[in-house]
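A.B. asks: Shown below is the structure under consideration.
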Amino acid sequence: MTRGSIIKPLFQQGPSLTARVIFFSVISVVLMTLDHRQHLAQPIRESLAAAVYPIRLAVDLPGNFSGYLSENLASRRQLIEENARLRDQQLLHQARLQKMDALEVENIRLRDLLDSSYQVGESVLIAELMRVDLDPFTHLIQIDKGASSEVFVGQPVLDAHGIMGQVNSVGPFSAMVRLITDPGHAIPVQVNRNGVRSIALGTGDLHRLELSSLPNNADIRPGDLLVSSGLAGRFPQGYPIARVETVHQDPGRPFAQVTAAPTAALDRSREVLLVRKREQPGAAPTQEGP
């Protein structure tokens with residue numbers, strides 16, 4: 001065999017291309033038919049799906065994570081906004097509730113005052129507290145009624161529980177009231193139980209009055225109600241003033257030491273009653289000169 005000679009195959013030519021296509025086509029049709037009827041390739045498909053699943057999961061992971069993250073961020077943002085809205089609504093409702101509580105207390109106070117005005121025999125004028133004098137040595141309050149409402153100096157002032165004081169000075173649209181606890185105030189009183197009379201003096205303490213010139217043998221006890229006697233002609237008779245708290249009777253002293261607590265809410269009342277003068281029956285009206 002020479003160096004440049006070519007080795008020839010044993011068979012010069014195999015099956016034709018057309019025959020190969022027909023053969024593989026028939027095989028494919030037979031396999032598809034058997035798979036359709038007998039499910040012969042199902043185990044192979046399941047194995048391939050199991051092998052490909054991690055790859056598909058890795059491919060889908062960025063998209064799934066992005067959707068999960070955006071959904072959680074949106075949910076968190078919605079929760080934050082909803083919490084802020086609910087917190088604002090709660091504050092608003094609390095403010096409204098406090099206002100309703102204040103209105104309820106005011107309605108109760110006005111109803112008590114109105115009931116008290118029905119019990120008062122004289123004609124009354126309702127006024128509202130404007131200012132409290134901060135001087136600790138004088139107990140003065142300012143009300144929103146004055147000369148234009150026919151308020152006069154010395155006019156008795158009450159609340160729903162008893163006598164508070166009397167008008168001290170009058171302006172056109174306001175007036176100053178001196179409370180019964182003012183150190184310079186005195187009012188004639190009597191024990192409602194037995195009529196024992198005395199004078200209640202202001203002590204400078206909103207919660208305490210003192211009775212003067214009461215004999216040691218006077219019939220007075222803690223708990224007795226003190227009412228106005230009407231002897232001074234300024235306060236109408238029979239209005240509550242104070243309730244006796246302590247009675248100290250010392251044989252070595254000429255007078256008993258008695259303290260009483262005002263029945264009026266001197267440090268809480270916002271509305272007051274001003275008692276008008278009662279016309280005397282049969283009294284002729286006064287005439288002014290020319």
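The values are calculated or read from the model by the stated rules, or taken from the named source; none is laboratory data. Since this is a predicted model, take the numbers as computed values, not measurements. Because the Cβ atoms are built from the backbone with ideal geometry, glycine has one as well, and the counts that use them run over all protein chains shown.
A.B. asks: Of all the strands (runs of 3 or more DSSP E) wholly in the range 147-187, which have at least 1 residues that are more than 35 Å from the chain's Cα centre (by Cα), of a type in the set (G, A, S) and farther than 20 Å from I199 by Cα? Spell out how you get there, then give the answer.
C.D. replies: On the way: elements: 156-158, 163-170, 175-179.
Because the criterion is at least 1 residues that are more than 35 Å from the chain's Cα centre (by Cα), of a type in the set (G, A, S) and farther than 20 Å from I199 by Cα, the strands (runs of 3 or more DSSP E) in the range 147-187 that meet it are 163-170.
A.B. asks: Let me ask you something else. In the range 162-183, is there at least one residue being modelled with pLDDT under 90, touching a strand residue (DSSP E or B) at 6+ places or on another chain (Cβ under 9 Å) and surrounded by 11 or more Cβ atoms within 10 Å (Cβ to Cβ)?
C.D. replies: Applying the first criterion (modelled with pLDDT under 90) to the range 162-183 yields 162.
Those left that are additionally touching a strand residue (DSSP E or B) at 6+ places or on another chain (Cβ under 9 Å): 162.
After this cut, where a residue has to be surrounded by 11 or more Cβ atoms within 10 Å (Cβ to Cβ) as well, the list is 162.
Yes, that holds for at least one residue.
A.B. asks: Do we find that P290 is part of a loop (DSSP other than H, G, I, E, B) and either modelled with pLDDT of 85 or more or within 44 Å of the chain's Cα centre (by Cα) (or both) in this structure? Write out each step before concluding.
C.D. replies: Working: part of a loop (DSSP other than H, G, I, E, B): yes; either modelled with pLDDT of 85 or more or within 44 Å of the chain's Cα centre (by Cα) (or both): no.
No; evaluated as a whole, the condition is false for this residue.
A.B. asks: Right, next: Of the residues that make up the range 257-274, is at least one over 28 Å from I126 (Cα atoms), of a type outside the set (V, I, T) and surrounded by 12 or more Cβ atoms within 10 Å (Cβ to Cβ)?
C.D. replies: Step one: filter the range 257-274 for residues over 28 Å from I126 (Cα atoms), giving 257-259.
Checking which are of a type outside the set (V, I, T) leaves us with 257.
Narrowing further to those that are surrounded by 12 or more Cβ atoms within 10 Å (Cβ to Cβ): 257.
Within the range 257-274 (the criterion being over 28 Å from I126 (Cα atoms), of a type outside the set (V, I, T) and surrounded by 12 or more Cβ atoms within 10 Å (Cβ to Cβ)), the answer is yes, since at least one residue qualifies.
A.B. asks: Hey, among the residues in the range 256-271 that are assigned to a strand (DSSP E or B) and modelled with pLDDT of 90 or more, which one's nearest to Q166 (Cα to Cα)? Explain how you work it out, then say what you get.
C.D. replies: Start the filter on the range 256-271 by keeping residues that are assigned to a strand (DSSP E or B), which leaves 257-262, 271.
Next, only the ones that are modelled with pLDDT of 90 or more stay: 257-262.
On the way: Q257: 25, V258: 23, T259: 21, A260: 19, A261: 18, P262: 14 Å.
Here the residue is P262.
A.B. asks: Evaluate the following for R243: is it assigned to a loop (DSSP other than H, G, I, E, B), in the same structural domain as G195 (by TED's automatic domain parsing) and among the basic types (K, R)? Working first, answer last.
C.D. replies: Values: assigned to a loop (DSSP other than H, G, I, E, B): no; in the same structural domain as G195 (by TED's automatic domain parsing): yes; among the basic types (K, R): yes.
In short, no.
A.B. asks: Turning to a different aspect of this structure: Of the residues that sit in the range 231-255 and are among the aliphatic types (A, V, I, L, M) and at pLDDT 80 or above, which one is surrounded by the fewest Cβ atoms within 10 Å (Cβ to Cβ)? Don't jump to the end; show me each part of the working.
C.D. replies: Residues of the range 231-255 among the aliphatic types (A, V, I, L, M): 231-232, 241-242, 244, 247.
Filter again for at pLDDT 80 or above, leaving 231, 241-242, 244, 247.
On the way: L231: 14, I241: 26, A242: 27, V244: 20, V247: 19.
Across the range 231-255, the extreme among qualifying residues is L231.
A.B. asks: I've got another one for you. Read through the list (1) assigned to a helix (DSSP H, G or I); (2) among the acidic types (D, E); (3) touching a Lys or Arg at 6+ places or on another chain (Cβ under 9 Å); (4) at pLDDT 70 or above, then give the number of the only condition that E106 fails.
C.D. replies: For E106, the exception is condition (4).
A.B. asks: Restricting to the range 191-226, what's the tally of residues that are at pLDDT 90 or above and assigned to a strand (DSSP E or B)?
C.D. replies: 12
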